[in-house]
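The block underneath contains the structure these notes are about, expressed in C-alpha cells.
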Amino acid sequence: MPPITYTISDLAKEFDLTTRAMRFYEDMGLLQPERTGPGGRNRIYSARDRARLKLTLRAKRLGLSLSDAKEIIDLYDSPRDTGVQLRKFLSVLAQHRRQLEEQMADLQANLDEIKEHEKEARTLLAKVDKNQP
C-alpha cells in the first residue's frame, strides 16, 4: 500500500489556509514536501508534513511564535530522549504563560482606570444635572 500523500491544495483546504501560508510554513522549515514535476514546481506532502502542520497550527493557537513551534516540533522529530523534548516544551509554555499573565495584568490595570474615570464622570454629571433648572 503506497504512503498517503497530499497536495498543497488538499492541506490548505483541510486546514482552511491559503496556499501562500503553506509556502510560508515551508520557507520557515516547518514543512518539507517532496518536489516533483518540471522544475520541482509540484509539492507532495507526506503524513509527517500533515502532522507537523497540525502541530504548527496548534502552537499558533496557543500564541507561540513560529520559531518556537519549529523548535518544539523538530525536537519531536528527533530520536532523542523525550525528557529533553518535554522540558523544552514546558519551558516555552511557561515563558508564554508569563507573557500572557503580564498582558492580562496590564489589561486589568487599564480596566480599573476606565472604571475610575467612569465613576468620576458620573459624579460630575450628577452635579451638573442637579444644578440645572
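How many of the residues making up the range 2-57 are surrounded by fewer than 12 Cβ atoms within 10 Å (Cβ to Cβ) and within 22 Å of the chain's Cα centre (by Cα)?
Number satisfying all stated conditions: 6.
Just one of (1) surrounded by fewer than 16 Cβ atoms within 10 Å (Cβ to Cβ); (2) under 18 Å from the mean Cα position of the chain (by Cα) trips up ILE73, so point out which.
Of the numbered conditions (1) surrounded by fewer than 16 Cβ atoms within 10 Å (Cβ to Cβ); (2) under 18 Å from the mean Cα position of the chain (by Cα), the odd one out for ILE73 is (1).
Taking ALA105 as the residue in question, decide whether it is part of a helix (DSSP H, G or I), small (Gly, Ala, Ser) and either at pLDDT below 85 or within 19 Å of LEU53 (Cβ to Cβ) (or both). Outline the logic, then answer.
Values: part of a helix (DSSP H, G or I): yes; small (Gly, Ala, Ser): yes; either at pLDDT below 85 or within 19 Å of LEU53 (Cβ to Cβ) (or both): no.
So ALA105 fails the test.
Is it the case, given these coordinates, that LYS130 is in the same structural domain as ALA21 (by TED's automatic domain parsing), on the phi < 0 side of the Ramachandran plot, at pLDDT 85 or above and part of a helix (DSSP H, G or I)?
Values: in the same structural domain as ALA21 (by TED's automatic domain parsing): no; on the phi < 0 side of the Ramachandran plot: yes; at pLDDT 85 or above: yes; part of a helix (DSSP H, G or I): yes.
Answer is no for this residue.
Just to confirm my filter: which helices (runs of 4 or more DSSP H) fall fully inside the range 1-79 and include at least 2 residues that are of a type outside the set (S, T, N, Q) and either within 28 Å of GLN99 (Cβ to Cβ) or assigned by TED's automatic domain parsing to the domain that holds ARG98 (or both)? Steps first, please.
Numbers: elements: 8-14, 19-27, 47-61, 66-77.
By residue number, 19-27, 47-61, 66-77.
The conditions are (1) at pLDDT 95 or above; (2) over 30 Å from LEU90 (Cα atoms), and ALA12 fails exactly one of them. Which is it?
With respect to (1) at pLDDT 95 or above; (2) over 30 Å from LEU90 (Cα atoms), ALA12 is out only on (2).
Show the residue pairs meeting these rules: Cβ distance below 7 Å; 6+ apart or different chains; first residue within the range 110-133 and among the small types (Gly, Ala, Ser); second residue assigned to a helix (DSSP H, G or I).
Qualifying pairs under 7 Å: none.
The values are calculated or read from the model by the stated rules, or taken from the named source; none is laboratory data. These numbers come from a predicted model, not from an experiment. Don't worry about glycine lacking a Cβ; one is built from the backbone with ideal geometry, like all the others, and counts go over all protein chains shown.
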